[in-house]
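Novice: Following this message is one structure expressed as structure tokens.
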Amino acid sequence: AQKITQTQPGMFVQEKEAVTLDCTYDTSDQSYGLFWYKQPSSGEMIFLIYQGSYDEQNATEGRYSLNFQKARKSANLVISASQLGDSAMYFCAMRELGAGNNRKLIWGLGTSLAVNP
Amino acid sequence: GAVVSQHPSWVICKSGTSVKIECRSLDFQATTMFWYRQFPKQSLMLMATSNEGSKATYEQGVEKDKFLINHASLTLSTLTVTSAHPEDSSFYICSVRQGLGYTFGSGTRLTVV
């Protein structure tokens with residue numbers, strides 16, 4: 001069965017430093033997609049970055065990069081130069097197997113990141 | 001990506017009443033919308049997948065008569081919490097799939113008193 005594991009319930013980082021949030025996944029499919037979302041205290045889910053299983057290069061979006069290690073089934077999020085506004089919950093998710101629009105996201109439990117001034 | 005509008009952002013209702021939450025896809029025709037529930041400090045829990053013009057597909061353990069979903073058009077899906085009770089108090093959030101990505105509404109914080 002597909003599964004997403006985030007082993008860090010909470011993380012602290014000093015402002016302007018980099019931080020890595022861990023995510024491992026389990027799937028038997030060869031084609032899949034991995035997502036990271038940020039959820040601030042307001043509750044909205046903000047898309048950060050996407051990595052397709054066939055993408056040869058690690059995805060990057062501004063200060064966010066995804067350290068994709070396919071053989072180890074890990075998709076860690078790296079946030080560089082942390083800012084106070086980065087304090088939030090971060091969720092890793094994987095697109096479910098199958099075809100069509102009904103493909104659901106499988107979610108991890110999330111990591112709460114606190115950026116210290 | 002798609003722009004998704006969700007209303008209301010918060011609602012307080014009395015126990016026994018029903019509450020309707022709207023999820024609108026403003027710039028994209030969404031044949032499929034997803035409804036989630038989230039308890040404090042927990043992950044998102046998928047409640048149901050809403051398909052335009054047909055019945056929603058509910059996840060195991062979600063009462064379809066309690067959480068009524070209507071997806072009558074390509075831009076609007078509604079979730080009605082019927083005969084709400086305090087244990088229904090939660091954060092409800094909808095999502096639209098567009099291409100490879102998923103866009104979320106801003107969520108609705110429901111408090112039943």
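The values are calculated or read from the model by the stated rules, or taken from the named source; none is laboratory data. All figures in this text were calculated on a predicted structure; none of them were measured in a lab. Reconstructed Cβ throughout: ideal geometry from the backbone, glycine too, with neighbour counts over all protein chains shown.
Each row is one residue, and each column tells you yes or no for (1) of a type in the set (Gly, Ala, Ser); (2) farther than 25 Å from B:Cys94 by Cβ; (3) away from chain B (no Cβ under 14 Å); (4) part of a loop (DSSP other than H, G, I, E, B).
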| site | (1), (2), (3), (4) |
| --- | --- |
| A:Asp55 | no, yes, no, yes |
| A:Phe68 | no, yes, yes, no |
| A:Met94 | no, no, no, no |
| A:Leu109 | no, no, no, yes |
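Novice: Which of the residues that make up segment A:21-50 are in contact with a Phe, Trp or Tyr (Cβ under 8 Å, 6 or more places away or on another chain), surrounded by 15 or more Cβ atoms within 10 Å (Cβ to Cβ) and either within 17 Å of A:Ser80 (Cβ to Cβ) or among the hydrophobic types (A, V, I, L, M, F, W, C) (or both)?
Specialist: Passing the criteria: A:Leu21, A:Cys23, A:Leu34, A:Phe35, A:Trp36, A:Lys38, A:Met45, A:Phe47, A:Leu48, A:Ile49.
Novice: What tally of residues in segment B:1-58 results from selecting those that are closer than 16 Å to A:Leu105 by Cα, among the aliphatic types (A, V, I, L, M) and buried (at least 17 other Cβ atoms within 10 Å of the Cβ)?
Specialist: Number of matching residues: 5.
Novice: Is it the case that B:Thr49 is touching a Leu at 6+ places or on another chain (Cβ under 8 Å), part of a strand (DSSP E or B) and either of a type outside the set (Phe, Trp, Tyr) or over 15 Å from B:Ile21 (Cβ atoms) (or both)?
Specialist: Values: touching a Leu at 6+ places or on another chain (Cβ under 8 Å): no; part of a strand (DSSP E or B): yes; either of a type outside the set (Phe, Trp, Tyr) or over 15 Å from B:Ile21 (Cβ atoms) (or both): yes.
For B:Thr49, the condition - touching a Leu at 6+ places or on another chain (Cβ under 8 Å), part of a strand (DSSP E or B) and either of a type outside the set (Phe, Trp, Tyr) or over 15 Å from B:Ile21 (Cβ atoms) (or both) - is not met.
Novice: Out of segment B:96-113, which residues are assigned to a loop (DSSP other than H, G, I, E, B) and not hydrophobic (A, V, I, L, M, F, W, C)?
Specialist: B:Gly99, B:Gly105, B:Ser106, B:Gly107, listed by residue number.
Novice: Residues of segment B:71-95 being more than 13 Å from every other protein chain (Cβ to nearest Cβ), assigned to a strand (DSSP E or B) and more than 10 Å from the chain's Cα centre (by Cα), which ones?
Specialist: Correct list: B:Ala72, B:Ser73, B:Leu76.
Novice: Within segment B:27-44, can you find the residues that are among the hydrophobic types (A, V, I, L, M, F, W, C) and facing chain A (nearest Cβ under 8 Å)?
Specialist: Within segment B:27-44, B:Phe34, B:Leu44 qualify.
Novice: Does A:Tyr90 meet the test of being surrounded by 16 or more Cβ atoms within 10 Å (Cβ to Cβ) and modelled with pLDDT of 95 or more?
Specialist: Judged against the criteria, A:Tyr90 is a match.
Novice: May I pose another question? With respect to B:Ala48, determine if the residue is farther than 23 Å from A:Gln39 by Cα, touching a strand residue (DSSP E or B) at 6+ places or on another chain (Cβ under 6 Å) and hydrophobic (A, V, I, L, M, F, W, C).
Specialist: The answer is no for B:Ala48.
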